[in-house]
Structures are given as C-alpha cells and as structure tokens.
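Before any comments, here is the structure.
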Amino acid sequence: MALDSPKINQANYRNISITSILLVLALCSLSYILGAWQGTTSSPLTSLAKITKLPQCKPDKITLKTKPLDFQAHHQIGFNESSTKTEAFYPCDLKFSEYTPCQDPRRARKFEKTMLKYRERHCPKREELLRCLIPAPPNYKNPFSWPQSRDYAWYDNIPHRELSIEKAVQNWIQVEGKRFRFPGGGTMFPRGADAYIDDINKLVPLTDGSIRTALDTGCGVASWGAYLLKRDILTMSFAPRDSHEAQVQFALERGVPAMIGIMATDRIPYPARAFDMAHCSRCLIPWNKYDGIYLIEVDRVLRPGGYWILSGPPIRWKQYYRGWDRTEEDLKQEQDEIEDLAARLCWKKVVEEGDLAIWQKPMNHAECIKNHKVHKNPPICNTNDPDSAWYKKMETCITPLPEVNSPTDTAGGTLEKWPKRAISVPPRIHLGSVQGITPKNFQDDTKLWADRVNYYKKLIPPLAKGRFRNIMDMNAGLGSFAAALVQYPVWVMNVIPTGMVRDTLGVIYERGFIGTYHDWCEAFSTYPRTYDLMHADSVFSLYQDRCDMTYILLEMDRILRPEGTVIFRDSVEVLVKIQSITDGMRWRSQMMDHESGPFNPEKILVAVKTYWTSQPKQQ
C-alpha cells in the first residue's frame, strides 16, 4: 500500500525532525533572553530593540541586595595611641601660653641647684603630659618678615617688658608702642653687635668662608648671631630659661637660630668638632671652676683650628673691676686660671686686645699628646664615641682628635670654604666614618633632595617667596633638605633623632649647617610658636613602637606658629592616621602624590595649622 511506502515515511520523519529542531532552538533562545534579563538591571531586550529598531519596552525595576564596598584600611601599622576615633583637642589654659615642658620653672624647683642641674632638661612623666593645644596669646600677629624681623617683633606675641627695663643701659631691647625694637646692643658691645663683630674681624677672618658655624653660649636675645648672618656665619645660640625671661623666645621671634640650653652637668647636644668658632660675652659661665669642665666641653665641640672668643669678666679686669663689683685679686686669679687651663688644653692664645681675648684650638693632637707627658691634667679621654651628647654627662678629660699622618695635617680632614662646603663631600664621609655612606651616596642624596624641594615649591608656592623663615627638619639625614634651601632667606634646625643606626649630625655640621640631637618622645628645647615650617620625613614610622604619635603631633602643634605649615612624608597608612589626629587639632591638610608619581606607596601630607588665639581673661 501507498501508506506503507518507505519514501513517504522518510519524508514524514524529515518534516518532524526539522520542526523539533526549530522548536528546541526557539525555546533555548527564549530561555537565554529571559535568563539574561533576570541577571541584569537593564534588560538585553533594550539593547536588542536598539539593534533591530523595535519599540523599546521598560523592564521592571530590579533592586540588588549587595553589601556596599568597604574602602577603610583594616591592617594599618599599629601605634600605641589610646583611641582610633578622631579626638577633638581643646585649648589649654592661657597660663600655658609659654609652656616649655622639659624646662618648666615650676618642675625645676624640685631638682638640685648644684652646678645649675635644676635648669637642665627635666621632662614630665607620661601621666603629666598635657593633652590640649597650647594657645597663642590674645592679639597674636604673624611675625615680621626677614630681614625686618631682625630688628622688630610684636609686643603682643611676647608680652614681656622685663628685659627692656633690666637691660636698658645695654641696649638689648626697647619698647616702641606695640612692638619691640632690637638695637643690636649687648653687655659687652654697647656700640652694637655690628661694630663688635667688626672688631673681631680685625683679629680673626670672618668673611673669607673659613668660618661658617658658630656657638654662642649664654646668648641673650642673640644679637651676635643675628648680625653674623649677613657675613654668612650661622650661629647656634643657647641660653637657659631663667630670670632673663624669654630671651631665647625673642631670638627665635627675630628669625635667629636659638635653643633653650645650659652648660651644667650634661653635654650640650651637639657632636664633636662641630663649630668653627665659640663665643662668650659676659655669659657668666665659671670657666675656671669644677676642674675646667665647661671649657673642656667647648674644646669637644670646637673644630681643629677653631677659635674661642671671650669678652667680659675677667678680660680687661683692670679697667672694669669696679663696675663688676669684684676685687682686682679675684679677677686676676680667674684670668690666670683660664689662661692655664687653655694652655693645658693645648690651645694657643691668639690675641688679647681691648675687651676681647681669643684662643685657637690646635689643628691636631700630635704635639698635645707629647705635652701631656709633662702636663697630665686634664687627661686624654679613652672614648670611642666623642659625638655622644644626649643625656651624656660632661667629662673632665680632653676628647681626642682623629689621628694624623703629619704634624701639619688637620685632624678629621680639611673642610672646603663656604659656600662650596654645602655641596662638597664632607671629610667624615670621605674617611669612611659614617657606616654605609659613600661619596656617591652623598651626591645622590644631595640631588634627590634638590628635586624634592623643587616639587615642594610646586605644592607650597610660598616656600620660594619668603613666607617661611624658621624651618625644622625633624629627621635630617645628611642635611640635604637644608642644602637645597640655601638660596632662600631661611635657616634650618636639622634634628637627628637619638638611637639612629647612623649618626649623621657631624656630617651636617661639616656641610656648614647647624642642628641638634633629640628624642621625639620628649618635648623639644624651644618655646611655643617658634617655627614656620616643619618637615617630617618618615618620623612617625621611626617612632611607631617607641611612643604615642598623638603626643608627638601635640608637640609639633606647640612648636608651630599659627598658620605654619608641616610637610609629612610617610606610607599612606601612617599619613591617614596622622590626618585623623590633626583633624581634631584645628589643622587643615591634604594628601599629595609622591614626586615620582601616584604609584609610589610613599605619599606626602601637607598640613596647615589654623590661626586661633586664647581669649583675654575677664577681670
């Protein structure tokens, strides 16, 4: 039969197969479209309609129940702060306006007065630390710009008339309406510091670049250092916080380098062979007492061939003994003892003329060691660390100079004259005294910081326009940050944190800059509001396991002037933590990329302390 024909069955089978295939394809396509539509917020039908020019239909609104992304860092470097929340810091009482934590006169009364120990650093314990912001006095104004600041300061910034009355005859300071004027006078230079320095220049060379770093012990308002600046000599001036209220504060307000300090029982915080010249103008230091310990300390920090200048008692005692209210015999004995001690230190007296007496330290100790076979006191110290000076007691022995090959050699190497000295490889590096630092390392570091300072000028345009005067580098390294700023009217306090693997402060002085040792777990030896710009390169990474970073930032706030600036360099995690604290300190800040670009894990945080003052107390 026809129905059973094989040809007919094959045709039917072919029709059924094609129909089944088309049906499966249609169902698969529909399933794919529905699945895609359910998995997106915008249906593929919409896109498809665009392609096929079909009318678009709006899909139902889809709400995704997903957890928001968390951009917070949960693995930050740990610090020992008490809280991770932003803390609001409030102003301290107005009585703390001139608070110097480690030289607090009230705390000092508890300590022994022998050799003025009570005026040395005595820092508060952790439970005594203030957790508030040191206020500026009412009506505080930005200081005068340099060089006008050398001669003027606002009375409201340092409201103390005592020195203008006590030192009126000596012309230290005068009050003129709402401002102070500094005529440049001093106890032993009534004609002014300029004329006094000219007198010194007639006796030793001050202008040929061979003398660059100087030390002024018992500096008053630092007029000697102020007028040396125009001769390209940078002076570290220090004086205690004593009855001459705020003398160091006046110096810093003038834009002149200074620190609170005293020669008592601890070494002064500077390395050996640091200064080309040291000076005492009626500084009242008993040079001939306590086995000559203070002059021996000056010898430690004086460079080979450096000068010590003394004016005031007992020099020219025959003329001044009545005014000094001392007997001729007493003054003669004091001078004889100083002369004898200087000779036993192997110093040579250069000249005594008018009110000045000048001695010179030998270029090396080759001859001095021979002389000590006869003069055994003071002995030569047996020490491998003459630079150690942080809470290190003074010694009554001569710090030995590095050995030399010839009696005419300069111990420790010869320095270039200023300004070449700033960029020349220092002798300590040439001789391999600083472990791990080669001449090439030094040259690379100098270039690196020149590039970085150029980048800073783009971030902070006022840096190159005279806005800042007093600058502090909190972790100064080789001093290349300061070297990159020599063309500007600024000076830099280069700080080397204690406990560093490499002690580079001696290198900094050999470059012709100044600085000090310091532990940032303690307060710095300065008054509040004394620096315009602070530079903190990796400081907080360095101290992360040593002390609470909050107190370091509060100390920076104490040191910084209103509207002063801070440049932090550190890892992002550290800078985020810093920013969270400074937000509660009335600072404004902004994170910036590293100068090499956004992919460097180190970043820069630029912060500005806002202007605010305390309120006058109601009567």
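Check the stretch 448-458 and report whether any residue there is without any contact (Cβ under 8 Å) to a residue 12 or more places away in the chain and within 19 Å of the chain's Cα centre (by Cα).
For the stretch 448-458, residues without any contact (Cβ under 8 Å) to a residue 12 or more places away in the chain and within 19 Å of the chain's Cα centre (by Cα): present.
Since Gly564 meets every condition but one in (1) more than 22 Å from Ala523 (Cβ to Cβ); (2) surrounded by 20 or more Cβ atoms within 10 Å (Cβ to Cβ), which condition does it not meet?
Only one criterion in (1) more than 22 Å from Ala523 (Cβ to Cβ); (2) surrounded by 20 or more Cβ atoms within 10 Å (Cβ to Cβ) is unmet by Gly564, namely (1).
Considering only residues that are among the polar types (S, T, N, Q), assigned to a helix (DSSP H, G or I) and open to solvent by 60 Å² or more (accessible area, probe 1.4 Å), which ones fall in the stretch 308-363?
Answer for the stretch 308-363, where residues must be among the polar types (S, T, N, Q), assigned to a helix (DSSP H, G or I) and open to solvent by 60 Å² or more (accessible area, probe 1.4 Å): Gln319, Gln333.
List the residue pairs whose Cβ atoms are under 6 Å apart, where the first residue sits in the stretch 182-206 and is closer than 23 Å to Gly305 by Cβ, the second is assigned to a helix (DSSP H, G or I), and the two are 6 or more positions apart or on different chains.
Hits for this filter: Ile197/Tyr227; Leu206/Arg231.
Could you check how many residues of the stretch 483-499 are outside any strand (DSSP E or B) and either of a type in the set (Asp, Glu) or under 29 Å from Lys457 (Cα atoms) (or both)?
8
Somewhere in the stretch 551-560, is a residue more than 15 Å from the chain's Cα centre (by Cα), among the β-branched types (Val, Ile, Thr) and within 19 Å of Val490 (Cα to Cα)?
No; the residues of the stretch 551-560 include none that is more than 15 Å from the chain's Cα centre (by Cα), among the β-branched types (Val, Ile, Thr) and within 19 Å of Val490 (Cα to Cα).
Inspect all residues belonging to the stretch 231-244 and state whether any of them is in a helix (DSSP H, G or I), closer than 30 Å to Pro147 by Cα and open to solvent by 10 Å² or more (accessible area, probe 1.4 Å).
Within the stretch 231-244 (the criterion being in a helix (DSSP H, G or I), closer than 30 Å to Pro147 by Cα and open to solvent by 10 Å² or more (accessible area, probe 1.4 Å)), the answer is yes, since at least one residue qualifies.
Are there any pairs with C-beta distances below 6 angstrom linking a residue in the stretch 324-346 that is touching a residue at least 24 places away in the same chain (Cβ under 8 Å) to a residue that is assigned to a helix (DSSP H, G or I), with the two at least 6 apart or on different chains, and if so which?
Correct list of pairs: Leu341/Gly292; Leu341/Leu295; Leu345/Asp299; Cys346/Cys368.
May I ask you to list pairs of residues, at least six apart or on different chains, whose Cβ atoms are under 6 Å apart, with the first in the stretch 495-509 being surrounded by 20 or more Cβ atoms within 10 Å (Cβ to Cβ) and the second being in a helix (DSSP H, G or I)?
Ile496/Leu505; Gly506/Arg428; Val507/Arg428
Kindly indicate whether any position in the stretch 276-291 is farther than 25 Å from Cys346 by Cβ, modelled with pLDDT under 95 and not in a strand (DSSP E or B).
Yes, the stretch 276-291 contains at least one residue that is farther than 25 Å from Cys346 by Cβ, modelled with pLDDT under 95 and not in a strand (DSSP E or B).
Provide a single number: the residues in the stretch 105-114 that are surrounded by 17 or more Cβ atoms within 10 Å (Cβ to Cβ) and of a type in the set (Phe, Trp, Tyr).
0
Out of the stretch 558-576, which residues are touching a Leu at 6+ places or on another chain (Cβ under 6 Å) and more than 16 Å from Glu602 (Cα to Cα)?
Of the stretch 558-576, the ones touching a Leu at 6+ places or on another chain (Cβ under 6 Å) are 565, 568, 575.
Residue satisfying the conditions is Thr565 alone.
I'd like the residue in the stretch 177-189 that is in a loop (DSSP other than H, G, I, E, B) and in contact with a helix residue (DSSP H, G or I) (Cβ under 9 Å, 6 or more places away or on another chain) and, out of all such residues, is surrounded by the fewest Cβ atoms within 10 Å (Cβ to Cβ).
Gly177
Just the residues that are over 25 Å from the mean Cα position of the chain (by Cα) and modelled with pLDDT of 65 or more, please, taken from the stretch 149-164.
Tyr155, Asp156, Pro159, His160, Arg161, Glu162, Leu163
Please state which one of Arg273, Arg254, Arg303 is over 27 Å from Pro362 (Cβ atoms), modelled with pLDDT of 95 or more, buried (at least 24 other Cβ atoms within 10 Å of the Cβ) and not β-branched (Val, Ile, Thr).
After applying the criteria, what remains is Arg254.
In the stretch 401-449, how many are open to solvent by 40 Å² or more (accessible area, probe 1.4 Å) and small (Gly, Ala, Ser)?
Number of matching residues: 3.
Go over the candidates Ala389, Ala366 one by one and state the one that is within 30 Å of Met188 (Cβ to Cβ), of a type in the set (A, V, I, L, M, F, W, C), crowded, with 16+ Cβ neighbours inside 10 Å and in contact (Cβ under 8 Å) with a residue 24 or more places away in the chain.
Result of the check over Ala389, Ala366: Ala389.
Can you report the number of residues in the stretch 90-104 which are surrounded by 13 or more Cβ atoms within 10 Å (Cβ to Cβ) and part of a helix (DSSP H, G or I)?
The number of residues fulfilling the criteria is 5.
State all residues of the stretch 216-230 that are farther than 12 Å from Asp151 by Cβ and open to solvent by 10 Å² or more (accessible area, probe 1.4 Å); if no residue qualifies, say none.
Result: Gly218, Cys219, Leu229, Lys230.
The values are calculated or read from the model by the stated rules, or taken from the named source; none is laboratory data. In this text the structure is predicted, and so the values were computed from the model without any measurement. Positions of Cβ are backbone-derived with ideal geometry, glycine not excepted, and every protein chain shown enters the neighbour counts. Only protein heavy atoms, including side chains, enter the accessible area calculation; ligands, DNA and RNA are left aside. Shrake-Rupley method; radii C 1.70, N 1.55, O 1.52, S 1.80 Å.
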